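Remarks on the structure that follows.
The values are calculated or read from the model by the stated rules, or taken from the named source; none is laboratory data. Note that the structure is predicted; figures quoted are calculated from it, not measured. Cβ: placed from backbone, ideal geometry, glycine included. Neighbour counts: every protein chain shown. Please note that ligands, DNA and RNA were not included when accessible areas were found on the heavy atoms of the full protein model with its side chains. Shrake-Rupley method; radii C 1.70, N 1.55, O 1.52, S 1.80 Å.
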Amino acid sequence: MIAKRLQIKNVSVKFGGLSALEDVSFEVDDNQLIGFIGPNGAGKTTLMRVIMGMVNPLSGSVLLNGRNITNLTSVQRIHAGVALGQQIVKPLRQMSLLDNVALASGGKKLLSPMRALLVQKRHKERELARELLIQVGLGDHSEKLPSELPLGYLKRLEVARALALRPSLLLLDEPLAGLSKPEAEQMADLIYNLPRVGLSVILIEHNLPQVQRICPILYVQSNGRQLAFGLTKDVMADPAVRQAYLGVGA
Amino acid sequence: MAYEIVVLTNMAIAVLFALSLNVITGFCGQVSLGHAAFLGIGAYTSAMLSKEGVPLIITFIPAMGMAALIGLIVGVASLRVRHDFLAITTMGVVFLFTGIVRKQEILGGEIGIAGIPAPDFGRVGLFATSLLCVLAYLLLTIWIRRSWTGFAFDSIAEDEDTARLLGINVPKFKLFAFVVGTAGAGLAGALYAHQVRFIGPDSFGFVESISVLAMVIVGGIGSIWGVILAAAFLSALPQFFQVIDDYKLLVYGLLLFGAMRFAPEGIDGLLKKIVRRRAVK
Ligand SMILES: Nc1ncnc2c1ncn2[C@@H]1O[C@H](COP(=O)(O)OP(=O)(O)OP(=O)(O)O)[C@@H](O)[C@H]1O
Ligand SMILES: [Mg+2]
């Protein structure tokens, strides 16, 4: 059997009495862009946090390229090739956008303080960071502090920083939220092109027009359960999806 | 002249001690209310060895090693706690230290260790040695600050969950800060023991821990030059004014409070603000 980029097997998560994920299984192929939709509280963010190792599942497992990563720490998973752009932006507010991204591209130096101690230069990482900031449309703001910029900019910083980790699997949690229409369009184009450079992407979005435009495959979740998974046009035509997610009668 | 040398040596030791806490609290953002315990560990280690005839300079190594070893253990124990709990844990360390030392006959118990031999090179020599130690440690901290270790520390000090999501191995970096910081305190302790030539458990208690924290915070958390200034100044004050020495805890407490309330970025922040204002004009 050929290993998939990501396999989630029978994952369940409970928060107290609340069942946030119930026996969720799904897969992501190499160089695939999957749209992940579902109503508020469906457990989308929770699933991303399980993949990142920020939430421990009650049961189930997560495999990356066939390797079971269920027991790895978040940091180990990042260095194994997973990255997350969070729904709630978490910029480091004491440093410039450029340094936020440059730090993330530090690679193996970030695993060991002794190794990090030997390196003073940040030139290469800054160059890469500058390029990434240009790609997400923040080229003119790289020297600014996050506090000087509105939410839509910080969402894009979140994406640039996740890309700086050079992941093979990129999880994006509502990266288009807070962006203007042309900005969202530009960001969606950028995401659309990521599989061409070897990334698999899970895109959580409420912006359905953009999702339908760029994602060939959709995964729908509701109340912690899988509702549908398949080609975008089939999924969008599914009566159950229309009922649960769009509130449209079948 | 002799008196000035004593004052200057004390200042140098205080600067070294403050710079060492600055690595833990200033660079890495881990508050410690018990840093004097490591000064004590270095002082006791060095004092006992030099009473056995080991030359002062040689005692530096075990003094730093012992402090760093205990620092590493405390670091591992506090990896899971943050903020307020870290403050309480580290406070516990200093009470534990004085509590244990008081009960140990070989460590001199309540009375402490007297008759620590004067270094062969005399008072001026001790001052010069202290200065060299400060200089060496200063260079080390400047190097750390500019390296990727310092870069990673910045993110841990601000938000360790985010640091983790950038791929930073947070526990390792924290432990590194603890080891470098407590080793520095151990070195300061070795110098201190030979400066005063009498040490007891009360020299390394909670008050001393708060004093050094005040130096770091008044200097401006993380700012090397601010901390040096604050440590030099604050350590000189009680030596010149007996009143301040008598009310040390009160004075340092007020300074701490004042700095956090009115100048959260310390001397360094104030200076930068003034410079910036000048530049605007
Ligand atoms: N740490 C937590 N503790 C308790 N409950 C939580 C926690 N995180 C999430 N939940 C709950 O789990 C459910 C799923 O939340 P989650 O954030 O995964 O939803 P979501 O699909 O991302 O929603 P949205 O579209 O609003 O972002 C919600 O009912 C939420 O309140
Ligand atoms: Mg969410």
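Below are the figures for this structure:
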| item | result |
| --- | --- |
| Value of Rg/Rh across segment A:96-250 [Cα atoms, Kirkwood radius] | 1.06 |
| Solvent accessible area, Å² - B:D154, 1.4 Å probe, full protein context | 50 |
| With all protein chains modelled, accessible area of B:I13 [1.4 Å, Å²] | 10 |
| Degrees between helix B:248-262 axis and first principal axis of chain B (Cα, 0 to 90, nearest 10) | 10 |
| Shielding of B:169-178 by partner chains, average beta-carbon count, 10 Å | 4 |
| Projected area averaged over orientations for segment A:94-148, convex hull of C-alpha atoms, nm² | 4.0 |
| Within a Gaussian network of chain B (alpha carbon springs, distance under 10 Å), most fluctuating of B:F97, B:F17, B:F204 | B:F97 |
| Segment B:2-206 - percent relative contact order, Cα under 8 Å, separation 6 or more | 48 |
| Residue among A:L133, A:Q87, A:L63 farthest towards the positive dipole end of segment A:61-152, charges placed on Cβ | A:L63 |
| Inter-chain Cβ neighbour average for residues A:92-104, partner chain, 10 Å | 3 |
| If the convex hull is drawn through the Cα atoms of segment B:30-112, its volume per residue in Å³ | 83 |
| For the protein assembly as shown, convex hull of alpha carbons as volume per residue, Å³ | 185 |
| Assigned charges on the beta-carbon of Lys, Arg, Asp, Glu; the protein assembly as shown dipole about Cα centre (debye) | 700 |
| B:E110 - accessible surface, heavy atoms, 1.4 Å probe, Å² rounded to 10 | 110 |
| Placed amide H near A:Q221: partners under 5 Å, 5+ positions off or other chain | A:I37, A:G38, A:L227 |
| Computed over segment B:209-274: relative contact order in percent, which uses C-alpha pairs under 8 Å that are six or more apart | 42 |
| Between helix B:2-21 and chain B: long-axis angle, C-alpha atoms, 0 to 90°, nearest 10 | 50 |
| Loop-located trypsin sites (Lys or Arg not before Pro) in segment A:47-136 whose Cβ has at most 10 other Cβ within 10 Å (DSSP) | A:K121 |
| Relative contact order [Cα under 8 Å, 6+ residues apart], segment A:94-148, whole percent | 55 |
| Between segment A:80-125 and segment B:215-244, the Cα center-to-center distance that results, in Å | 33 |
| Kirkwood-based shape ratio for segment B:2-206, expressed as Rg/Rh from alpha carbons | 1.00 |
